[in-house]
Amino acid sequence: FKKTLVKLLTTLFYSSQMTDLIFAERELVQSLKEYIEAEELKLEAVKSWANKLDMLTHASTSDPEGFLAHPVNAYKLMKRLNTEWSELESLVLQDPSDGFISNMSVHRQNFPDEEDEKGAAKALMRLQDTYKLDSESFSKGKLPGVRYNAQLTVDDCFDMGKLAYNENDYYHSVLWMQQALRQMDSGEDAKTPKADILDYLSYSVYQMGDLSRAIELTRRLVAIDPSHQRAEGNLRYFERLLSKELRDLGRSQQEPADERPIQLDTYERPKDYLPEREVYEALCRGEGVKMTSKRRSRLLCRYQDGNRNPRLLLKPMKEEDEWDSPHIVRFLEALSDEEIKKIKELAKPKLARATVRDPNTGVLTVAHYRVSKSAWLEEEDDPVIARVNQRIEDVTGLSVNTAELLQVANYGVGGQYEPHYDFSRKDEPDAFKSLGTGNRVATFLNYMSDVEAGGATVFPDFGAAFWPRKGTAVFWYNLFKSGEGDYRTRHAACPVLVGSKWVSNKWIHERGQEFRRPCGLTEED
């Protein structure tokens, strides 16, 4: 009996194993089918990527500067190369492709990184603030002067909002999460779950002090995902806070949540470190310019021959008054197209993140308020630089022997330089000490491109705005004849909304001007 029982149990055991193997084989077959389907889906996904990027690169390479002139195109290029190409790499790596991987390895060293993608996203938010553009304008590509259609998806808007959220910038997080939700509610497909958008949006709205709307959004979140980890806790917390507020106000019932979509003016934009922020940005938009008709009548144009300078006798420079006090002039035809082309050609290999001089140490360093790339060109680089320097000396009557090198700057998407002084103030006496040429007495600014939208040079103190005109230059004195700084010349380079802005600067110093611009005892222009 015992042997029979053991035999029976053994038979049952093996029967059970065999049965399991039958089901295991069925699962393997199903897994094989899923693998085949996954491979097909992967290939279809790669094909879709290839087709989309083929059309995109065909459009972008046919006119690179024009394509990148649209800030959304620039942002999405950063995002594609930093994020989406990595996703494609991971997809292809599931079935290794040596050719693709080696290609990725070669090009990856030139790809933008996460910080670059963040910078591009922040540039869009900076443009949004400066030019008072709502998120939909950017998302749908409704920008002035654009030549290419570029739109942001739900996922793009969500990523923008998430970046702002992670930086504790709840103001912009609300704007972009709201846009993501708006596009999703209109039927647009997305990888991002709606619950995630509501999660970020509700908390960001709470941070902006709108409890009623935060509660309403959190209730929507709970309705979609009752098991959401934070939603129930947040909802109870928000409701307790609101009840306390109502008790403190002596009210028993809350006002219904505002159903209107969140816009730029729904919540107050937080104040920041820049005291003249509103004036500065208004000037960038062309608002608040204090050029009255009476003042305009005093502005003249003339031919400038540099006090009969031999080089200007046959072809004097065309000069226009841009502002009366402080006196700012614009020179027309200051640079030819050929000279501009050559200067750009010389500068491009040397372009690096623009720096500012630390007022305490005098050392050059990068700063968040100056977003551009710059290069310094010497006369030894090419005869065109010597020719440009000589022309600046001829038309200004000032010596450039002690001036700084010609600085070439390129402002791309959102590129800007917030209000600043070109000269050193009394609290930073060592700013130019290492140069040994004194303070910056004057600024000569060449515009080397037109800009489709934005990019003005503005002076918040007296309400002036000058827009780039290719080939022209503006000139002003930073110091009075007494040597004191003219604090009215605090100026800014507005963010470039659409286009690419190229300029070259020549900062002329005090040393060597003793007989060209005689000193005075009063603060006069």
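The values are calculated or read from the model by the stated rules, or taken from the named source; none is laboratory data. In this text the structure is predicted, and so the values were computed from the model without any measurement. Don't worry about glycine lacking a Cβ; one is built from the backbone with ideal geometry, like all the others, and counts go over all protein chains shown. Quick note on the areas: whole protein, heavy atoms, side chains included, nothing else; ligands and nucleic acids left out. Shrake-Rupley method; radii C 1.70, N 1.55, O 1.52, S 1.80 Å.
Of Lys47/Lys191; Lys344/Lys501; Lys42/Lys140; Lys47/Lys194; Lys79/Lys162; Lys76/Lys122, which sit over 22 Å apart, Cα to Cα?
Lys42/Lys140; Lys47/Lys194
Report the calculated FRET efficiency for Asp265 and Glu188 (r = Cβ-Cβ distance, R0 = 25 Å), to the nearest 0.05.
The computed FRET efficiency comes out at 0.50.
If the viscosity is 0.890 mPa s and the temperature 25 °C, what translational diffusion coefficient in µm²/s does Stokes-Einstein give for segment 435-499 when Rh comes from Kirkwood over Cα pairs?
187 µm²/s
In straight Cα distance, which aspartates and glutamates are under 19 Å from Lys315, not counting same-chain residues fewer than 8 positions off?
Cross-link targets: Asp305, Glu333, Asp337, Glu338, Glu339, Glu393, Asp394.
Round to the nearest 10 and report in Å² the accessible area of Arg391, as given by a 1.4 Å probe over the protein chains' heavy atoms.
60 Å²
Mind checking the full-extension length gain between Leu299 and Tyr148? Use 0.36 nm per residue of separation minus the Cα-Cα distance, one decimal, nm.
The span from Leu299 to Tyr148 would gain 50.5 nm if fully extended.
Under 16 Å between alpha carbons, and skipping anything fewer than 8 positions from Lys118 in its own chain: which aspartates and glutamates qualify?
Hits, sequence-local ones excluded: Glu84, Asp155, Asp156, Asp159, Glu167, Asp169.
On each of the three principal axes of the Cα atoms of segment 114-249, give max minus min coordinate, whole Å, ordered largest first.
54, 31, 28
Hey, what's segment 378-493 come to in accessible area per residue, 1.4 Å probe, Å²?
The answer is 33 Å² per residue.
Mind checking the full-extension length gain between Leu351 and Gln229? Use 0.36 nm per residue of separation minus the Cα-Cα distance, one decimal, nm.
Fully extending the segment from Leu351 to Gln229 adds 39.1 nm.
Give me the distance between the Cα centres of segment 106-185 and segment 302-318, rounded to whole Å.
When both Cα centres are located, 49 Å separates them.
In Å and from the alpha-carbon atoms only, list the Rg and Dmax of segment 195-297.
20.5, 71
Hey, how much of the P(r) for segment 279-509 falls beyond 27 Å, as a percent of Cα pairs?
31 percent
Give me the number: length gained by fully extending Thr57 to Leu249, i.e. 0.36 nm times residue separation minus the C-alpha to C-alpha distance, one decimal in nm.
Stretched fully, the Thr57-Leu249 segment lengthens by 63.2 nm.
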